[in-house]
Amino acid sequence: MYGETLEIPCNIGAIKEEDVLITKWKYDKGEGLAGDLLVKQKSQNVVDSATDEYKGRVSMGANSNLLLSEARLSDQRTFTCMVVASQDIREYPVNVAIYKMPAALEISEKAEELEIGKLTKLGKCVAADANPAANITWLKNNKPLVADEKGISIQASVMVDPVTGLSTTTSSLEYAAEKEDTDAQFTCSTQHTEGAALVSSPVTFTITYSPENIVLQVISQGPLVEGDNVTMKCIADGNPPPTSFNFHLMETMVRVDDSDTYTITNVSRDATGEYKCSLIDNPSLEASVDVKVNYLDINLSPSGSIVKSAGSALNLSLQIDASGKSKVSWTKDNVKLDKEPIFRKLTYSDSGRYECQVTMEQLSRKASFELLVEGAPVIRQLSKQRGEDGQHKVLICEAEGFPKPAVSWSINGTSPVESPFINGKITHKITVVPSANLTVSCTVTNKFGMDTRAINVSSCKYKCSGKNNYSDQTKLVVGIVVGLLIATMIVGLAYWVYMKKSKQGSWKTGEKENGSSEEEKKLEEKVEENSQKAEV
């Protein structure tokens, strides 16, 4: 490279160092003449015989290589290393080429602005002091421009410095701009043979043209709803862009100077419609947009606090007035319901807080009512269970009603247990030790009325096992019936054996059959009597 120290190799190891007697460097002066540079004999110092431009610039390095400082273009010639050995003399010529990168590239003589369709000198790019001479390429947005003599014209020239021999390349670009060239970046670059590419700083140009298209935009964070502010923006593609517009708001026109936007505050559903904007100096160039203001109104009937009697019906009515398709969801006491509640016959479990939510896109409305079902209490079930020790009876009274019914018994009991009052239901338990068979009644009352139900409770004089109400009596009856059945089977078997023997004896002995008939009759009567007892 230009200006650096150049190292020129000698024999590249073709002759061993210990066999070398003399090493001599010389160069081609031209016209068949050679100039001496350095000589070194074995076991002696190097002798510098250089003159003129090489005096003081040459030295010998390792492996007898020639070191040439401050490389110049004039050093582009042939240097020869002559090696004398004991039985041989060889020469190793080396051709030298010197390269130099150009200085930094810059675009100068830039145009103030570019007009669409008009060929205009965009600028000049210079690559100074290079070897070999640089080739300059123009680029737009990093893509090379190719001269076509219509919209792109490139003129290049090269000048050589008579002293240094370095070349300076100058390239001029004429360009017919297009609308898309607004904000386009133009650069020039060069790729040197021995180095990285150089690229100039990018430049942009103002592209002037008249408006051809216009667009009206609605600026909003989402779908417009009643109460929002809506801003409209008019955009034209001219350069410089227009700054004043006419906004057509339904049946009204508003002129706006030095701004491309207009805002309508607190819009209502009546603001839905077509809006336009146009250029003040060219009203025929206009744009339009449809504006939709979304709304959602709901009306739930009934609402508030509702008190109804059990067994009656409640008719719900939900009216929706919306600008689009909506969705409805229901909850009871904050628990989601699968469908809309229907109350054809109210029960106490229907009591609670109901809420409906209607949604349409980003809009949401809620409505609710509190339902209270009340009525006279009703005993749903009165039952009994045997205690774990077999001596106690547990009486259970299950009732519904609202307000909470009071529970009373016709007999005193112990260990009363009352369940929580949930959904109008209550369960009351008492434990009794009956000494005799008796009838016990449960009575439930609230401000709307009362209900009573009775149940028979038998005594348990002896310890019973089992927990159902009739285990002792059932076991006794079952035992009697089983005993009678077994007795009947035994008598029947005996009768069958007797008859069989009787028939065999009559056939064998010829006895009268009258006596056998009478005995058979008596046995049949006995069997029938036992059967009747078994059935009882």
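The values are calculated or read from the model by the stated rules, or taken from the named source; none is laboratory data. All of these numbers come straight from a predicted model, not from anything done at the bench. Virtual Cβ from ideal backbone geometry, glycine too; neighbours counted across all protein chains shown. Just so you know, the surface numbers come from the protein's heavy atoms only, side chains and all, with ligands and any DNA or RNA stripped out. Shrake-Rupley method; radii C 1.70, N 1.55, O 1.52, S 1.80 Å.
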- FRET E, pair Ser312, Ser458, Förster distance 30 Å, beta-carbon r, rounded to 0.05: 0.10
- Message: So if the hydrodynamic radius of the range 6-95 is defined as the Kirkwood radius over C-alpha pairs, what does Stokes-Einstein give as its diffusion coefficient at 37 °C and 0.692 mPa s, in µm² per second?
- Response: 247 µm²/s
- Rg/Rh ratio calculated on Cα atoms of the range 376-457 (Kirkwood radius): 0.98
- For the chain, the dipole about the Cα centre with charges only on Cβ (Lys and Arg +1, Asp and Glu -1), to the nearest 20 debye, works out at 4880 debye
- Would you list which aspartates and glutamates come within 17 Å of Lys26, measuring only between C-alpha atoms, while excluding same-chain residues fewer than 8 positions from it? Glu7, Asp36, Asp48, Asp52, Glu53, Asp75, Glu91
- What ³J(HN,Hα) values, in whole Hz, does the Karplus curve 6.51 cos²θ - 1.76 cosθ + 1.60 give for the range 97-114 when θ = phi - 60°, with x put for Gly and Pro? 10, 10, 10, 9, 6, x, 5, 4, 8, 9, 8, 10, 6, 6, 6, 6, 7, 10
- Task: State which entries of Lys143/Lys233; Lys345/Lys393; Lys110/Lys150; Lys276/Lys327; Lys179/Lys233; Lys143/Lys179 exceed 28 angstrom in Cα-Cα distance in the structure shown.
- Result: Lys143/Lys233; Lys345/Lys393; Lys276/Lys327
- Mind checking which aspartates and glutamates have their C-alpha under 17 Å from Lys292, skipping anything on the same chain fewer than 8 residues away? Glu226, Asp228, Glu251, Asp270, Glu274, Asp321, Glu361
- Within the accessible area of the range 6-95, what % is carbon and sulfur when the probe is 1.4 Å and the other protein chains stay in place? 47 percent
- Can you list the GluC sites (Glu not before Pro) in the range 302-394 that are in a DSSP coil and have 10 or fewer other beta carbons within 10 angstrom? Glu388
- Item | Relative packing of 246-253, 124-131, which averages over residues the other C-beta atoms within 10 Å, highest first | 124-131, 246-253
- Task: Kindly provide the helix-only [θ] at 222 nm of the chain, computed as the sum of -39,500 (n - 2.57) over DSSP H runs of four or more divided by all residues, to the nearest 500 deg cm²/dmol?
- Result: -4000 deg cm²/dmol
- Hydrodynamic calc, the chain: Kirkwood Rh from Cα pairs, then Stokes-Einstein at 20 °C with viscosity 1.002 mPa s, so D in µm² s⁻¹ is 54 µm²/s
- Query: Per residue, how much accessible area does the range 356-466 show when a 1.4 Å probe rolls over the protein heavy atoms, in square angstrom?
  - Reply: 53 Å²
- Item | Per residue value of the accessible surface for the range 6-95 (all protein chains in place, 1.4 Å probe), Å² | 59 Å²
- Query: Charges only on Cβ, +1 for Lys and Arg, -1 for Asp and Glu: so what's the dipole of the range 6-95 about the Cα centre, in debye to the nearest 20?
  - Reply: 60 debye
- When the charge dipole of the chain is computed with +1 at the Cβ of Lys and Arg and -1 at the Cβ of Asp and Glu, the Cα pointing farthest to the positive end, of Thr263, Thr80, Thr164, is that of Thr263
- Message: Based on alpha-carbon atoms only, what is the radius of gyration of the range 214-291 relative to the globular estimate 2.2 N^0.38 Å?
- Response: 1.07
- Task: Let me know the Rg and Dmax you get for the range 104-208 when you use only its Cα atoms, in Å.
- Result: 14.2, 47
- Query: Between the helical axis of 471-509 and the dominant principal axis of the chain, each derived from Cα atoms, what acute angle in degrees is found, rounded to the nearest 10?
  - Reply: 70 degrees
- When ranked by the protection proxy of mean other Cβ atoms within 10 Å per residue, highest first, what sequence do the peptides 276-289, 397-410, 41-54 form? 397-410, 276-289, 41-54
- Query: In square angstrom, what is the accessible area per residue of the range 187-286 with a 1.4 angstrom probe?
  - Reply: 55 Å²
- Across the range 355-371, in residue order, what do the Karplus-derived ³J(HN,Hα) couplings come to in whole Hz, using 6.51 cos²θ - 1.76 cosθ + 1.60 with θ = phi - 60° and x for Gly and Pro? 9, 10, 10, 10, 10, 8, 6, 8, 8, 8, 10, 10, 8, 8, 8, 10, 9
- For the range 104-208, which whole-number percentage of the solvent-accessible area (1.4 Å probe, protein heavy atoms only) is attributable to carbon and sulfur atoms? 49 percent
- Item | Candidate aspartates and glutamates for bridging to Lys118, where Cα separation is under 14 Å - those fewer than 8 sequence places away on the same chain excluded | Glu149, Glu174, Glu178, Asp181
- Task: Mind pulling the angle between the C-alpha long axis of helix 513-535 and the longest principal axis of the chain? Nearest 10 degrees, somewhere in 0 to 90.
- Result: 60 degrees
- Residue by residue through the range 286-296, which ³J(HN,Hα) values in whole Hz follow from phi under the Karplus form 6.51 cos²θ - 1.76 cosθ + 1.60 (θ = phi - 60°), with glycine and proline marked x? 9, 9, 9, 8, 8, 10, 10, 9, 7, 8, 8
- Between Asp36 and Thr439, what length in nm is gained on full extension when 0.36 nm per residue of separation is reduced by their alpha carbon distance? 130.3 nm
- Message: Given Cα positions, please report Rg to Rh for the range 120-175, the hydrodynamic radius being the Kirkwood one.
- Response: 1.05
